[in-house]
1. Restricting to strands (runs of 3 or more DSSP E) lying wholly in the stretch 167-228: which have 3 or more residues that are more than 14 Å from the chain's Cα centre (by Cα) and assigned by TED's automatic domain parsing to the domain that holds W141?
2. Among (1) away from the ligand (no atom under 15 Å from the Cβ); (2) buried (at least 20 other Cβ atoms within 10 Å of the Cβ); (3) modelled with pLDDT of 95 or more, there is one condition L279 misses while meeting the rest; what is its number?
3. Could you count how many residues in the stretch 97-112 are surrounded by 15 or more Cβ atoms within 10 Å (Cβ to Cβ) and assigned to a helix (DSSP H, G or I)?
4. Only one of these is more than 20 Å from E108 (Cα to Cα) and more than 14 Å from the ligand (Cβ to nearest atom): R201, R209, R231, R195. Name it.
5. Condition first: free of Cβ contacts under 8 Å to residues at least 40 places away in the same chain and either assigned to a loop (DSSP other than H, G, I, E, B) or more than 14 Å from the ligand (Cβ to nearest atom) (or both). Now tell me which residues in the stretch 60-80 satisfy that.
6. Mind checking which residues of the stretch 191-207 are among the acidic types (D, E) and at pLDDT 95 or above?
7. Looking at the stretch 14-39, which of the residues that are hydroxyl-bearing (S, T, Y) and farther than 12 Å from I53 by Cβ is nearest to the ligand (Cβ to nearest atom)?
8. Please name all residue pairs, on different chains or six or more residues apart, with Cβ atoms under 8 Å, provided the first residue is in the stretch 131-146 and is free of Cβ contacts under 8 Å to residues at least 60 places away in the same chain and the second residue is surrounded by 16 or more Cβ atoms within 10 Å (Cβ to Cβ) and acidic (D, E).
Amino acid sequence: MAIPPPDAILQGAARILSGLLEARTGQILSEGRAWRMETALRPVLRAHNLRDIDDLAAQVVRRRNARLEEDVVNALLNNESSFFRDLQVFDMIHRQILPRIQEDRQEERTLRIWSAGCSTGQEAYSLAIRLRNEAARWSGWRIEILATDISSAAIEQARSGIFSQMDVQRGLGVGDLIKWFEPHGEEWRANAELRRMIEFRQDNLFDPRAPSGEFDLLLCRNVLLYFTAERRQAVLHLLARHSHAGSVLLLGAGETMIGQGDDFAPHADFRGGYAPKALASNNADRAMRGVG
Ligand SMILES: C[S@@+](CC[C@H](N)C(=O)[O-])C[C@H]1O[C@@H](n2cnc3c(N)ncnc32)[C@H](O)[C@@H]1O
């Protein structure tokens with residue numbers, strides 16, 4: 001039997017492993033990550049005592065080791081995140097979106113936020129920090145922050161609240177670091193008060209169990225990028241089902257809703273934000289009532 005050249009073997013293994021990622025998460029491996037596949041999988045090879053990625057792909061094909069499959073998926077997911085990523089978005093949340101929600105929900109006094117595809121939690125912690133820094137304004141309110149991600153490793157880290165020096169240097173101001181984090185060996189840990197504000201859950205946007213009810217603010221940033229158009233629509237549909245007329249959806253910079261179905265429309269008031277289609281009439285109502 002002719003032995004295929006190394007390139008062909010690599011392509012075969014890479015295809016199997018990226019196929020596993022897509023089947024489990026819907027994510028299509030970006031070209032850049034496909035290049036770095038071997039590096040990303042090195043810790044998995046070591047942990048499972050495997051020779052190389054061909055060996056790994058062969059194990060995956062046999063489908064006998066659920067832990068191995070989960071480790072591969074975790075290693076191949078792009079978990080890139082940072083505190084206050086795209087600062088202007090957090091400024092808009094703080095200065096415009098939250099005041100509007102607060103006005104709308106004056107009677108219920110509840111604020112529900114869903115960070116969908118939260119990775120290691122920086123987005124949710126950034127929101128919690130802004131809310132805690134304005135504790136007086138939210139006194140008497142019930143605030144829920146749900147943060148979900150398919151990666152068990154990312155959720156575990158998010159829940160621990162432990163971040164490296166490099167992580168905290170990316171986006172977190174010194175004042176917030178000192179106020180909300182404690183030294184934890186060489187690293188930093190979000191303090192208990194901050195951790196208590198967020199419920200982290202492992203969940204798949206295509207097989208969701210976690211969310212229940214409606215959210216006032218939904219963030220699904222830098223998640224849809226590597227889904228097919230069909231899957232993107234399915235996620236937007238899910239987010240719409242957990243929205244009400246006054247909800248605001250935020251996607252990542254560079255992610256657009258154009259051609260992504262009928263669930264959301266660009267928000268009339270919040271640049272880059274989206275509103276469930278029903279909000280159009282709600283906004284007209286507000287305008288007629290002179291509510292700004
Ligand atoms: C690039 S990170 C974005 C993190 C954060 N939202 C931000 O913008 O900083 C994308 C996240 O989406 C998660 N993800 C990918 N597919 C998913 C799925 N099917 N269900 C839930 N989360 C998923 C990945 O695990 C990853 O943590």
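The values are calculated or read from the model by the stated rules, or taken from the named source; none is laboratory data. All figures in this text were calculated on a predicted structure; none of them were measured in a lab. Methodologically, a virtual Cβ is constructed for each residue, glycine included, from the backbone with ideal geometry; neighbour enumeration extends over all protein chains shown.
1. 181-184, 187-190
2. Checking L279 against (1) away from the ligand (no atom under 15 Å from the Cβ); (2) buried (at least 20 other Cβ atoms within 10 Å of the Cβ); (3) modelled with pLDDT of 95 or more, the one that fails is (3).
3. Taking the stretch 97-112 as the starting set, the residues that turn out to be surrounded by 15 or more Cβ atoms within 10 Å (Cβ to Cβ) are 97-98, 100-102, 104-105, 111-112.
From the residues that got through so far, the ones that are assigned to a helix (DSSP H, G or I) too are 97-98, 100-102, 104.
So the count comes out to 6.
4. Answer to the check: R195.
5. If the condition is that a residue be free of Cβ contacts under 8 Å to residues at least 40 places away in the same chain and either assigned to a loop (DSSP other than H, G, I, E, B) or more than 14 Å from the ligand (Cβ to nearest atom) (or both), then R62, R63, R64, N65, A66, R67, L68 are the ones that fit.
6. Taking the stretch 191-207 first, the residues among the acidic types (D, E) are 193, 199, 203, 207.
Across the stretch 191-207, the qualifying residues are E193, E199, D203.
7. Among them, the one singled out is T25.
8. As it stands, the answer is N133/D176, since those pairs meet every condition given.
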